[in-house]
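Peer 1: Starting off with a structure, shown below.
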Amino acid sequence: MVQDSKAKQPQTGDVPVAELARDQAIAELAWLAAQLGTANTAYHRDDAPQISDAAYDALKRRNSAIEARFPDLKRADSPSDMVGAAVAEGFGKVRHAVRMLSLGNAFDDDDVFEFDQRIRKYLGLAQDAPLVYTAEPKIDGLSLSLRYENGQLVQAATRGDGETGENVTANARTIADIPDVISDAPDVLEVRGEVYMSHADFAALNDRQTAQGGKTFANPRNAAAGSLRQLDADVTKARPLRFFAYAWGELSAPLAETQSAAIDRLHSLGFATNPLTETCDGPAAMIAHYKMIEAKRASLGYDIDGVVYKVDDLSLQRRLGFRSTTPRWAIAHKFPAELAWTVLEAIDIQVGRTGALSPVARLQPVTVGGVVVSNATLHNEDYIAGRDSTGAPIREGRDIRVGDWVQVYRAGDVIPKISDVDLARRPEDSVPYEMPTKCPECGSDAIREEGDAVRRCTGGIICPAQAVEKLKHFVSRAAFDIEGLGAKQVEQFYADGWIRTPADIFTLRARFGQGLQQLKNREGWGEKSAANLFDAIDEKRNIALARVIFSLGIRHVGENSAALLANHYTSWRAFEDAMTSAEIGTGAAWEDLVGIDGVGTVMATSLVTTMQQEAERAQIDRLIAELNVQDAAARATDSPVAGKTVVFTGTLERMTRAEAKARAESLGAKVSGSVSAKTDILVAGPGAGSKAKKAADLGIETMDEDAWLALIGDA
Ligand code: IVH
């Protein structure tokens, strides 16, 4: 699309469309095309939104209204005809042989000591038992997985959602730090690390871009991401990207016995590894190394945002394993957040998918650590008023008002927060902020229940904001992740009345029929893009149970919890039966639910209430009827214990109880606390009592810890 980036902001923005003169309309349409074009590219192609969704929608509505009044003035590059931006579409997809995970965070020294304690407890190690860690800079770039087969680079993929990434092989080959051929390596070797851009190269790139009238980047990370994800590898080649190796994926033979030796091995194979990587004998040494790296941060010449600690012994890493999205054996110790002061121009209310009213600060744009921030979260009404959820003062009781100078705080890619307010600069006529008592979206009462930190809209499914947010959550990356159906399209389809609930997504093709008459000719949809969308939707009818549970958007049920629930119940039928029959606070189904490690009574109550609520349930049932939900255990069928119910009793000598449970569950087994007719295996250590007897009475297979480890291939 041609963007008239020089179009001046018209003075007519507030003039009602009905009163606009023709020449004013021409000027405004040019300006709107430029604004929306830039916003679209920032959002879809660069993953770096520059304006809020609400501001984007307002611009788009204004554009449509002007076009409706002056149809002959509709531009060839009208924003009404565009969906997203093209660049990212051209990459093929790559399913990672071993998932690419993220890291848990530590923010202070205490968190680092706790990390060490958690690991010792999990492994059953005494306080004085030696335990070595590695400590290395956390590079602020984007992760890349390089697959070598018989010494040849055959594929490079971005992380994507961790399971599936983008194939950027041609681009990766242009990076000097990435060898095309390596020798003396395992036949299959996936090297993982971070692509980044140095400060000097970033500055030079931006200078070049400015001179050529091209796009400049906000920071080196965005520049690296934008450069790697270029459809034309020649563009990537002209951008000086670098790569540090720090991990690996699939291997046909182990690299070494320790993390540090494995990194040395990668170095000797020809990969750049970070010279500030050290081994440390415990949390105190780790923190000392962190301080050393922090002191060097400004002179490194590239961005880092913390220090990563990893358990050095790879056999311990293997025992520790993973939670659903992060390893237990590593953590990122983040550097303190960046701060800046600016003016709070307005407080807007956003309504979330569970009806929560969230105050959002609209700020005079300010640069915080290299990123322009114009929105920040204000959490809830107590936070604004200067008190915590128990009523105790925060910020020494200082409240936050529109017009105030406020301190903005940004840590990594987390949503910026308002951390403080400067009372000396408070305007005299300012007034305390009052939270609305009606939902700004549907007008229903917004009520704050006892014990709840937030006010919630009581409109339920009649509230369009809740419905749209639910749909956005449904199509989000960790849920259904439907190609071509992002937040923007969901809003458009909702506004057009095509999709009201998740099930409607799956009936789109049938409703719009072969001719696709209605979708065709609408904002940017042609016959081909509509057909592609319907295919992408059909592709997701086969879907993992954990994703389905997460996608429902039930309060308190996040991605991790959904994975725990899926592993426990293994099939939709079993999950549904349990939630339908459970009685809050009592009975076998309830006890089984709250017996899942990681499921508390608050989450359990939310699950049972939602699954038994008639209107919600009708929506869910309609959705499930459209899907083929894959059983959780089906994903680990190569394990001999997949789908089996296992009970551990007595003393375990080679692993802790937590470890035994996590390992069994990761192999697709269900771990239960009590023996019943449904139990398949009892693992009995010394001192086993009544459970062993009951298992014998029921004729259940019983084995000791060694036999269990032999069975799961870990003797
Ligand atoms: S280890 C299984 N080491 O940080 C854990 N990650 O916040 C694999 N990152 O997705 C990651 N520097 O993109 C590791 N020295 C380092 C890192 C590092 C940067 C990135 C990586 C990861 C993200 C998690």
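Peer 1: Right, R555: at pLDDT 95 or above, surrounded by fewer than 20 Cβ atoms within 10 Å (Cβ to Cβ) and among the basic types (K, R) or not?
Peer 2: Values: at pLDDT 95 or above: no; surrounded by fewer than 20 Cβ atoms within 10 Å (Cβ to Cβ): yes; among the basic types (K, R): yes.
No, not satisfied.
Here is a yes/no grid of residues against (1) among the charged types (D, E, K, R); (2) part of a strand (DSSP E or B); (3) more than 16 Å from the ligand (Cβ to nearest atom); (4) surrounded by 22 or more Cβ atoms within 10 Å (Cβ to Cβ):
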| residue | (1), (2), (3), (4) |
| --- | --- |
| I119 | no, no, no, no |
| A126 | no, no, yes, no |
| L131 | no, no, yes, no |
| E136 | yes, yes, no, yes |
| S143 | no, yes, no, no |
| D177 | yes, no, no, no |
| V195 | no, yes, no, yes |
| A203 | no, no, yes, no |
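Peer 1: Can you find a residue that is over 13 Å from A172 (Cα atoms) and either surrounded by 20 or more Cβ atoms within 10 Å (Cβ to Cβ) or charged (D, E, K, R) (or both) anywhere in the stretch 234-241?
Peer 2: no
Peer 1: Suppose we keep only residues that are under 20 Å from S198 (Cβ atoms), part of a loop (DSSP other than H, G, I, E, B) and among the aliphatic types (A, V, I, L, M) within the stretch 237-271. Which one would you say is nearest to the ligand (Cβ to nearest atom)?
Peer 2: Once the filter is applied, the top-ranked residue is L241.
Peer 1: While we're looking at this one, here's another question. Just give me the residues in the stretch 58-73 being among the charged types (D, E, K, R), within 12 Å of I26 (Cα to Cα) and either surrounded by 16 or more Cβ atoms within 10 Å (Cβ to Cβ) or within 37 Å of the chain's Cα centre (by Cα) (or both), in sequence order.
Peer 2: Once the filter is applied, which keeps residues that are among the charged types (D, E, K, R), within 12 Å of I26 (Cα to Cα) and either surrounded by 16 or more Cβ atoms within 10 Å (Cβ to Cβ) or within 37 Å of the chain's Cα centre (by Cα) (or both), the stretch 58-73 yields only E67.
Peer 1: May I pose another question? So which pairs qualify, if the first residue must be in the stretch 641-666 and free of Cβ contacts under 8 Å to residues at least 60 places away in the same chain and part of a helix (DSSP H, G or I), the second must be crowded, with 20+ Cβ neighbours inside 10 Å and among the aromatic types (F, W, Y), the Cβ gap must be under 9 Å, and the two must be at least 6 apart or on different chains?
Peer 2: From the stretch 641-666, the pairs are R657/F648; A660/F648; A660/W708; A664/F648; A664/W708.
Peer 1: Counting just the residues of the stretch 566-620 that are of a type in the set (S, T, Y) and assigned to a helix (DSSP H, G or I), which one comes out surrounded by the most Cβ atoms within 10 Å (Cβ to Cβ)?
Peer 2: We begin by selecting, within the stretch 566-620, every residue of a type in the set (S, T, Y); these are 569-571, 580-581, 586, 601, 605-606, 609-610.
Those still in the list that are assigned to a helix (DSSP H, G or I) too: 569, 580-581, 601, 605-606, 609-610.
Working: Y569: 24, T580: 12, S581: 13, T601: 12, T605: 18, S606: 15, T609: 14, T610: 19.
Filtering first and then ranking leaves Y569.
Peer 1: With the condition being within 16 Å of the ligand (Cβ to nearest atom), I'd like the strands (runs of 3 or more DSSP E) fully within the stretch 322-407 carrying at least 2 qualifying residues. Give the derivation first.
Peer 2: Numbers: elements: 330-334, 338-351, 357-368, 371-377.
It comes to 330-334.
Peer 1: Please determine whether any residue of the stretch 420-428 is away from the ligand (no atom under 16 Å from the Cβ) and under 28 Å from the mean Cα position of the chain (by Cα). Don't jump to the end; show me each part of the working.
Peer 2: We begin by selecting, within the stretch 420-428, every residue away from the ligand (no atom under 16 Å from the Cβ); these are 420-428.
Then drop every residue that is not under 28 Å from the mean Cα position of the chain (by Cα), which leaves 420.
Yes: one or more hits.
Rundown of residues vs (1) loosely packed, with under 11 Cβ neighbours inside 10 Å; (2) under 17 Å from L339 (Cβ atoms), yes/no style:
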| site | (1), (2) |
| --- | --- |
| S389 | no, no |
| D399 | no, no |
| I418 | no, yes |
| D422 | no, yes |
| D429 | yes, no |
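Peer 1: So Q155 clears everything in (1) touching a Ser or Thr at 6+ places or on another chain (Cβ under 7 Å); (2) within 16 Å of the ligand (Cβ to nearest atom); (3) closer than 19 Å to R242 by Cα except one condition, right? Which one?
Peer 2: Result: Q155 passes all but (2).
Peer 1: Restricted to the stretch 205-231, and to residues that are in contact with a Leu (Cβ under 8 Å, 6 or more places away or on another chain) and part of a helix (DSSP H, G or I), which residue is surrounded by the most Cβ atoms within 10 Å (Cβ to Cβ)? First the steps, then the outcome.
Peer 2: We begin by selecting, within the stretch 205-231, every residue in contact with a Leu (Cβ under 8 Å, 6 or more places away or on another chain); these are 217, 221, 223-225, 227-228.
Restricting the remaining residues to those that are part of a helix (DSSP H, G or I) gives 221, 223-225, 227-228.
Working: R221: 24, A223: 25, A224: 31, A225: 20, S227: 23, L228: 24.
Filtering the stretch 205-231 for residues that are in contact with a Leu (Cβ under 8 Å, 6 or more places away or on another chain) and part of a helix (DSSP H, G or I), the one surrounded by the most Cβ atoms within 10 Å (Cβ to Cβ) comes out as A224.
Peer 1: A further question follows. Hey, among the residues in the stretch 312-321 that are more than 10 Å from the ligand (Cβ to nearest atom), under 26 Å from the mean Cα position of the chain (by Cα) and touching a residue at least 12 places away in the same chain (Cβ under 8 Å), which one's surrounded by the fewest Cβ atoms within 10 Å (Cβ to Cβ)? Walk me through how you get there before you give the answer.
Peer 2: If we filter the stretch 312-321 for residues that are more than 10 Å from the ligand (Cβ to nearest atom), which is where we start, we get 312-316, 318-321.
From the residues that got through so far, the ones that are under 26 Å from the mean Cα position of the chain (by Cα) too are 318-321.
Still in the list and also touching a residue at least 12 places away in the same chain (Cβ under 8 Å): 319-321.
Values: R319: 22, L320: 21, G321: 15.
Filtering the stretch 312-321 for residues that are more than 10 Å from the ligand (Cβ to nearest atom), under 26 Å from the mean Cα position of the chain (by Cα) and touching a residue at least 12 places away in the same chain (Cβ under 8 Å), the one surrounded by the fewest Cβ atoms within 10 Å (Cβ to Cβ) comes out as G321.
Peer 1: Of the numbered conditions (1) in a loop (DSSP other than H, G, I, E, B); (2) within 16 Å of the ligand (Cβ to nearest atom); (3) closer than 26 Å to A562 by Cβ, Y302 fails exactly one; give the number of that condition.
Peer 2: (3)
Peer 1: If you don't mind, another one. If I ask for residues that are modelled with pLDDT of 95 or more, in contact with a Lys or Arg (Cβ under 7 Å, 6 or more places away or on another chain) and either surrounded by fewer than 20 Cβ atoms within 10 Å (Cβ to Cβ) or assigned to a helix (DSSP H, G or I) (or both), which ones from the stretch 471-500 would you list?
Peer 2: Of everything in the stretch 471-500, just one residue is modelled with pLDDT of 95 or more, in contact with a Lys or Arg (Cβ under 7 Å, 6 or more places away or on another chain) and either surrounded by fewer than 20 Cβ atoms within 10 Å (Cβ to Cβ) or assigned to a helix (DSSP H, G or I) (or both), namely H473.
Peer 1: Given the criterion surrounded by 19 or more Cβ atoms within 10 Å (Cβ to Cβ) and more than 30 Å from E163 (Cα to Cα), identify the matching residue among Y302, Y309, Y409.
Peer 2: Working: Y302 fails: more than 30 Å from E163 (Cα to Cα); Y309 fails: more than 30 Å from E163 (Cα to Cα).
None of the other options fit; the residue is Y409.
The values are calculated or read from the model by the stated rules, or taken from the named source; none is laboratory data. Keep in mind the model is a prediction, meaning the values are calculated, not measured. For neighbour counting, all protein chains shown are included, and Cβ atoms are generated from backbone atoms with ideal geometry for every residue, glycine included.
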